[in-house]
Amino acid sequence: QAYVAASMAKIVSLRGFPSSQAPPPVVIRSRGETRRFIDGEVSRKFPGSRLEAERKAMVAWGMIPPDFDLRKSLLDLLQEQAAAYYDPAGKLLVLADWLPPKVQEFAILHELVHVLQDREFSLEQFLAPGPGKGDQLLARQALIEGEAVAVSVELLLQPQGLDLTRIPNLSALKQLATAFSASPVFARVPKFLQNLLLFPYIQGLTFVHQFRQKHPWPAFGQLYRDPPRSSAQILHPEKYLGRREDPLVIALPDLRATFGPAWRLASEDELGEWGLGEVVGALLDEATGQRLAEGWRGDRYQVWEDDRGQLALVYRVAWEGEKAAEAFAKAY
């Protein structure tokens, strides 16, 4: 608890958080206790058929096999990755009883940033932009995780007289973050889920690094009052930090009459530049997917399901110009 209190004071001083409250209680939990907590959180955040709708969307886009058990895989994956976490409902800092001491130190720093974020603007509310805003949610996740990684790294760099502004290349840090995620369960899940897990940390760190090149840490709080609205703004920080380019609002027509009574709407959301790059990357290759998706300006999709369980995908996407649209159409 003494290390937690000292670390929290350092974070407040570095980042400029307005909090001077006492640090949160720290509890140690076993794998079984962690599994039960994650199970409850998944049920709370994906009530009713919402998780099943997410699964069907991933199947329709070809990101997971039709028989893939998304809930079990998520529980397995999160249990394996959750060596330390902040519980915003219980206001607790949780450490796994199997975590090595050296890893504990960095994990505590990271989770304490989440504690202070929660006290400043409520993580629960911030990570609930509303249904059908999946890409916007991913951007917000990247903001909070990118900040947590960046602040933790800067604290570790301080004894060497360094900070993020003096590190021109983040490749070594990104490789380290990827290595931390490597594990048996992580290796078994589809590539899309692997990348989805890593995006907030890897790309979020890149975004925050770009911010720190021009602004001091205390200015970062302004981003939570008007956060990035798309994964495109995370992937290309200049579209938010420079000449801002918010996504276009795309709507789909009422297709109930088109599909007929045998069909029902199973899912509706936005894919985003990152998601589109993943889809095309799975069909061709990762680099091509990322390149072709760069012209993305906004999108909307629906997944429809008939009485036999067949899925149909409807997609509308806006591009920055005819050249980008034609390149995508030909490649797809």
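At-a-glance table
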| quantity | calculated |
| --- | --- |
| Residue list for region 287-323, filter: touching a Gly at 6+ places or on another chain (Cβ under 6 Å) and buried (at least 17 other Cβ atoms within 10 Å of the Cβ) | G289, Q290, A293, W319 |
| Cβ pairs under 8 Å, 6+ apart, first in region 41-62 and within 18 Å of A282 (Cα to Cα), second charged (D, E, K, R) and modelled with pLDDT of 95 or more | K56/E305; A57/D269 |
| Qualifying helices (runs of 4 or more DSSP H) (wholly inside region 213-332; at least 2 residues being in contact with a Leu (Cβ under 6 Å, 6 or more places away or on another chain) and closer than 19 Å to G130 by Cβ) | none |
| I38 vs. criteria hydrophobic (A, V, I, L, M, F, W, C) and open to solvent by 70 Å² or more (accessible area, probe 1.4 Å) | no |
| Residue ID - surrounded by the most Cβ atoms within 10 Å (Cβ to Cβ), chosen from residues in region 83-116 that are among the small types (G, A, S) and farther than 22 Å from F199 by Cα | A96 |
| Residues within region 253-278 that are closer than 12 Å to G298 by Cβ and among the aliphatic types (A, V, I, L, M), tallied | 2 |
| T206 at pLDDT below 85, closer than 30 Å to R297 by Cβ and either under 20 Å from the mean Cα position of the chain (by Cα) or among the β-branched types (V, I, T) (or both) | no |
| Candidate set: region 1-34, residues that are of a type in the set (K, R) and at pLDDT 90 or above; chosen: the one nearest to R264 (Cα to Cα) | R15 |
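The values are calculated or read from the model by the stated rules, or taken from the named source; none is laboratory data. Since this is a predicted model, take the numbers as computed values, not measurements. Glycine gets a Cβ as well: all are built from the backbone with ideal geometry, and neighbour counts include every protein chain shown. Remember, those area values only see protein heavy atoms, side chains included, never the ligands or the DNA or RNA. Shrake-Rupley method; radii C 1.70, N 1.55, O 1.52, S 1.80 Å.
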